[in-house]
Each structure stands twice: as structure tokens, then as C-alpha cells.
């Protein structure tokens with residue numbers, strides 16, 4: 001049995017496993033959202049394909065994973081804490097027969113990282129039992145939960161916003177799933193890309209703003225929906241298109257049916273961090289390969305903030321395309337000056353004090369022969385708290401770097417996210433509390449520059465009203481409160 005992982009209530013003591021993960025996870029990366037997959041393929045057992053689809057989305061969440069399936073009679077579910085490879089064994093997949101499945105891999109943005117919040121979640125209502133997987137964050141979940149308790153006499157057993165969504169879809173009035181989805185869209189505020197299944201239908205829903213990605217493909221005469229096109233590629237599905245904001249798709253024995261809610265936003269407000277960091281570089285977002293968008297960000301960054309240097313390096317792995325773009329535009333050589341240990345976060349063995357003192361070298365290691373005596377440009381995709389940046393620069397100094405110039409291929413993060421990204425509180429966001437010069441001095445760099453918002457927009461070829469850029473501007477596609485508590489639905493003292 002795998003040990004449970006993840007976030008704890010502020011009232012709870014820190015477990016040894018929490019301490020291990022805190023040590024390895026104190027970096028400057030925003031925490032990913034979640035990943036979802038849904039498959040309808042008559043005549044095929046689809047649990048294995050769902051597993052490999054989720055495997056391609058592991059980067060989006062590492063706390064829990066689950067798959068629900070049906071042969072048309074009833075829903076089977078297996079969901080546990082841990083990585084996808086830890087949650088599922090051969091015998092687990094064998095116990096999930098059926099031609100219809102949904103899968104989910106989770107990072108918690110609302111509700112603690114606990115077994116009872118592992119998705120998909122089940123709910124029962126007049127239309128029978130359904131299973132729901134959710135990527136995003138519903139910002140009015142607490143108010144809706146109280147309303148549903150009073151309106152329908154519900155008792156909520158879990159502490160995530162997904163349970164509110166599941167109960168709403170199970171019980172909402174409507175003659176078909178389109179009317180149910182439109183009822184939900186009028187009530188839910190925030191981000192939600194959903195995969196939902198009844199015993200014989202697959203439903204996919206993208207919120208009216210289109211904040212989180214969702215796409216559809218064809219497989220074995222059936223259909224696949226997934227958070228990213230990389231998941232389609234991983235199971236041999238053919239990409240058809242991205243699902244529109246406000247669109248509901250229903251797939252059953254009669255084929256695929258689609259409707260867009262008339263009140264949906266005309267242009268999407270997808271989180272621009274999907275382009276910067278969240279999505280795999282081999283995924284297509286808004287018609288563009290994420291890798292190409294990231295190279296253009298690096299090129300724009302050079303045009304805005306050039307500097308003389310001998311070498312361009314990226315902080316692996318997510319910043320590599322940005323660094324290549326900067327190097328190509330500048331004509332300065334690109335090199336892999338930092339090597340990342342990709343498995344350091346997989347251990348359950350707590351480091352002793354000496355290993356804690358080693359710090360970031362357990363995760364990254366600088367190659368002295370590449371770095372020594374060089375003027376180095378370090379390209380990163382973002383700086384949130386600055387923890388990793390400080391340690392990486394110190395490591396490069398120790399490796400003999402002559403100068404270190406930090407270039408960030410995204411604007412400064414000055415505000416929190418409310419739509420499915422857990423990055424930090426306002427007090428923890430270094431750019432919300434310090435000037436660029438103060439941050440430069442704090443991290444120990446010779447110079448520091450961020451990509452401008454306009455430069456980012458040029459790199460991803462967007463109009464002013466598309467993409468959510470609230471974490472960079474403080475302006476969001478819908479009104480939000482200043483800060484939100486991800487554990488707001490957790491009972492006090494738990």
C-alpha cells in the first residue's frame with residue numbers, strides 16, 4: 001500500500017512524508033492543475049488506454065490518480081493516493097472492464113490532498129450514478145455547497161469543489177445532458193474542464209471561459225477527450241480539435257453530439273501559463289505547439305533584454321525551450337550547464353541534516369567544465385518565491401561562473417491564481433513585494449529581466465482579450481476575491 005501524500009491542514013502536524021516532500025518540492029514552479037482523460041470505444045476494454053493517457057499527463061498532478069469504467073451496466077472505480085504507476089497494477093486494470101472510461105490525475109487546488117478527494121468522484125441522482133473528473137477550480141464552491149445542502153438536502157462527504165460539481169450534475173434539472181450542463185454553467189464560477197460518465201455515456205464539458213484546456217480525438221472507431229493532445233498521441237488517437245469554451249459534448253451509442261452554451265465567452269480566456277509551463281511542450285494549445293510558443297518567448301525575451309555573455313543555459317526541464325529560443329535569437333551558444341535528477345522527488349527517505357545542507361544539488365548539479373569562467377545567461381520560465389533561483393545561482397557561482405544574468409521568459413508574477421493553479425500567497429510572491437532590482441540582489445544575480453506582458457502576447461499570437469493573464473496583471477476574466485484558501489472546505493481542526 002502506498003503512503004498517502006500531500007497537503008495538510010494548517011491545524012495538522014507535519015508527517016515525515018510531508019517533510020520529505022517539502023524538502024524536495026520547495027521550488028519556484030507553480031503547482032500544476034490536474035489531468036483528465038475520457039474514452040468511449042465500443043468493443044474495446046479501455047482501462048489500459050486510459051492508464052497510458054493519464055501517464056502522459058502525470059506532469060499535471062502527482063498526488064492521486066483514478067479510473068472509472070463501465071460496460072454499460074454499472075460503474076467500477078479505482079482511485080488512490082500516489083503516482084499513476086503506484087496506484088495501478090495489472091490486476092487493478094483487469095478489474096476495470098468496459099468500453100467507457102474516465103481517468104484523473106490530481107494536484108489539489110481546492111480541498112486537501114487526501115484519499116477521499118481522489119478522483120473520479122461518484123454521485124447519485126435521478127439519472128443514476130455518474131463519475132466525474134475535474135481540472136480547474138470553482139471559486140464559489142463554498143457558497144454553492146451551502147445552497148445545495150439547503151436546496152436538495154445533500155450531505156457532503158468530501159472537501160473538494162469537484163464534489164459540488166458532481167452533485168450538481170447528478171441532480172440538476174434538465175431533459176438531457178446539455179440542459180444539465182447549461183444549468184451548471186449558470187451557477188458555477190471559475191475554471192472547470194470536466195470528464196463525466198454515466199453507465200453508458202461519456203460527457204465532456206469546458207467552462208464558458210475556456211480557462212483549462214480540453215481536446216478531442218478519435219480512437220478505434222470511438223472517441224477520446226483529454227486535457228492535452230500529448231495524451232492522445234500516447235495512445236495512438238488522432239487529434240480532431242480543441243473543445244470550445246462553453247461546449248458540452250455527449251458521446252453514446254448514437255455517436256457524438258455537441259452544443260455550445262449561448263452565453264459562453266466569444267473568445268477563450270485560457271490560462272496563459274499552459275503555454276508557458278503547464279502543458280507538455282509536445283502538446284498543441286490554441287492551434288500552436290507549446291514548444292514553438294516557448295521558443296518564441298525566449299526570442300522575445302532576448303529582443304527586450306539583451307546582454308553580452310558566453311553561454312545560455314536553461315533551468316531544466318521546463319525552461320529548455322525558452323533558453324533555446326533566447327540562444328537562437330541572440331547568436332550566443334546554448335549549453336546544458338545544469339543537469340537535473342529527475343527521480344529525486346520519488347524517494348520516501350527523509351534526508352539527514354548533512355543532505356539538507358547540500359540543498360539544491362540533490363535536484364540539480366552544475367557542470368563545472370561548462371560553466372567555469374563563463375558569463376552565463378540563465379533562462380527560467382518563472383520565479384514565484386525565488387527559492388530555487390537563489391540556490392541555483394549559488395551553485396553556479398560555486399561552479400566558477402564569472403557573471404550570471406537571469407532572464408525570465410514570463411512577466412513577473414504579482415498576483416495569485418484563482419482558476420486551478422496553486423502558486424503562492426501574495427505575501428510569498430517575491431515580485432508582489434520587491435522591485436526587479438531588489439529581486440536581483442536577493443537572488444545574487446548580476447542582472448535580472450522579465451519578459452513583458454506585451455512580449456508574451458506577441459510570442460503566443462494572442463488578442464488583448466484572450467488568455468487569462470491575471471497573475472501578471474491582477475486583472476481576471478471574472479471578478480475574484482483577493483486570495484482564496486484551498487482548504488476552505490476542510491473542517492476546522494482536521
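Computed values, structure above
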read-out: Projected label distance in nm at residue 473 and residue 92, using a 7 Å step from Cα toward the beta-carbon; value: 4.2
read-out: Extension reserve of the residue 368-residue 258 stretch, reckoned as 0.36 nm per residue once the Cα distance is removed; value: 34.0 nm
read-out: Stretch gain in nm, segment residue 74-residue 183, where the contour uses 0.36 nm per residue and the Cα spacing is subtracted; value: 36.7 nm
read-out: Order by protection proxy (mean Cβ within 10 Å, highest first), peptides 119-130, 382-393, 289-300; value: 289-300, 382-393, 119-130
read-out: Mean separation of Cα contacts under 8 Å (6+ apart) over length of segment 156-315, as relative contact order %; value: 17
read-out: Length-normalised contact order of segment 31-269 in % [C-alpha pairs under 8 Å, at least 6 apart]; value: 21
read-out: Within segment 82-109, backbone nitrogen closer than 16 Å to the virtual label 7 Å beyond the Cα of residue 115 toward Cβ; value: 82-83, 87-88
read-out: Convex hull volume per residue for segment 144-244, taking Cα atoms only, in Å³; value: 125
read-out: Relative packing of peptides 175-183, 225-233, 51-59 - highest average C-beta neighbours within 10 Å first; value: 225-233, 51-59, 175-183
read-out: Taking the convex hull of Cα positions in segment 31-269, its mean projected area over all directions (nm²); value: 11.4
read-out: Highest-first arrangement of 137-144, 152-159, 240-247, where packing means the average Cβ count within 10 Å; value: 137-144, 240-247, 152-159
read-out: C-alpha center-to-center spacing [segment 366-413, segment 164-226] in angstrom; value: 43
read-out: Percent of beta bridges antiparallel (DSSP, segment 292-461, rounded to nearest 5); value: 15
read-out: Residue 146 paired with residue 266, simple spin-label distance in nm, labels 7 Å along Cα-to-beta-carbon; value: 3.6
read-out: Relative contact order [Cα under 8 Å, 6+ residues apart], segment 292-461, whole percent; value: 25
read-out: Residues in segment 378-413 that a label on residue 447 would reach, taking backbone N under 20 Å of a point 7 Å out along Cα→Cβ; value: 378-383, 390, 393-394, 396-397, 401-412
read-out: For segment 430-484 versus segment 256-289, the gap between their alpha-carbon centres in whole angstrom; value: 20
read-out: Spin-label proximity, residue 454 to segment 287-315 - amide N less than 16 Å from point 7 Å beyond Cα toward beta carbon; value: 300-306
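We did not get these values from a lab; they are worked out from the coordinates using the rules stated. Quick caveat: nothing in here was measured; it's all calculated off a predicted structure. Cβ atoms come from the backbone with ideal geometry, glycine included; neighbour counts cover every protein chain shown.
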